[in-house]
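The structure appears below as structure tokens.
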Amino acid sequence: MRRFFASVTAFALACGMAFSAVGCGSKDQSEGEIIKGEELPYGAMMTRLSEKDGVRITTEFDSRFVTEDEAKLISDYAAALQFRDGDLMDQIHYPNCFEYSAKQNGSENATDHIEKTVKYLEDTYAGGKIDFDYVMIEGVEDNADYEKQYEALEDDVKKAAGEDISDKINSRKMLEIDLCYSLDGEGSHLLSTAMGGNYIYLAIYDIDGKLYVGELTFYSGGGFSSLKPREWDYALGKELDLTDAMKCVASGEYKSRPVSKG
């Protein structure tokens, strides 16, 4: 929804530029008739993939920033959630990674982990049975804001796959997405709205020429972003009491919430 208003603004900007170009008759002004699409912000030129394009969940994206293959991968992720498809979820993650994530979160296997994740979303946020039917890729984030999250994710890949993939990574991209769903078979709802306006992010990796999804997160910067100036970061941090949390971590009793891992 946040990006919806940005898209409307981008569209209005494009229309305004076009109107200015055709509404002025001088030679100097007519030079502005060519509007370069790459100069418009994300959301100005959206594309939609549907079942006829070979995807199970309709997906909307700006093809200037996101490739069709990347959009199909995001659609597969939503389909794996919707249809509780553990095999598909395994395929779109780097080998052994989703299975590793599932066991780290106390699940028996990939399918069990998906079921627990969706159940958590239903019980905690939606308040009923949800059926995902639409995905919106709402933006591409600045990789510089996610370096710490990438490091943590790649460390998990190293543990899961038993190899360092650093030299195999061709590119990394953090996408802001939103999942649309019906509730108990009715209406159309946004997961971000149900979660109180939280952002939803999913990383995409190109590893050895093949695309994989990374970790799903509901916090801008993966929860690792620092505030600037530094004094603000410190002022907020000193209000937190993590004593009990650190005791749980030290004792081995801490378990990540099922929804925290993709």
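Each value in this text was obtained by applying a stated rule to the coordinates, not by laboratory testing. None of these values were measured; they are calculated from a predicted model. Positions of Cβ are backbone-derived with ideal geometry, glycine not excepted, and every protein chain shown enters the neighbour counts.
Ala44 - would you say it is closer than 23 Å to Leu121 by Cβ and among the aliphatic types (A, V, I, L, M)?
Values: closer than 23 Å to Leu121 by Cβ: no; among the aliphatic types (A, V, I, L, M): yes.
No, not satisfied.
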*Scan segment 149-183 for residues that are crowded, with 17+ Cβ neighbours inside 10 Å and among the charged types (D, E, K, R) and report the count.*
6
*In segment 122-148, what residues are buried (at least 20 other Cβ atoms within 10 Å of the Cβ) and of a type in the set (A, V, I, L, M)?*
Ile130, Val135, Met136, Ile137
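Only one of Leu121, Leu179 is touching a residue at least 60 places away in the same chain (Cβ under 8 Å), more than 18 Å from Glu70 (Cα to Cα), touching a strand residue (DSSP E or B) at 6+ places or on another chain (Cβ under 8 Å) and of a type in the set (A, V, I, L, M); which? Walk me through how you get there before you give the answer.
On the way: Leu179 fails: more than 18 Å from Glu70 (Cα to Cα).
It is Leu121.
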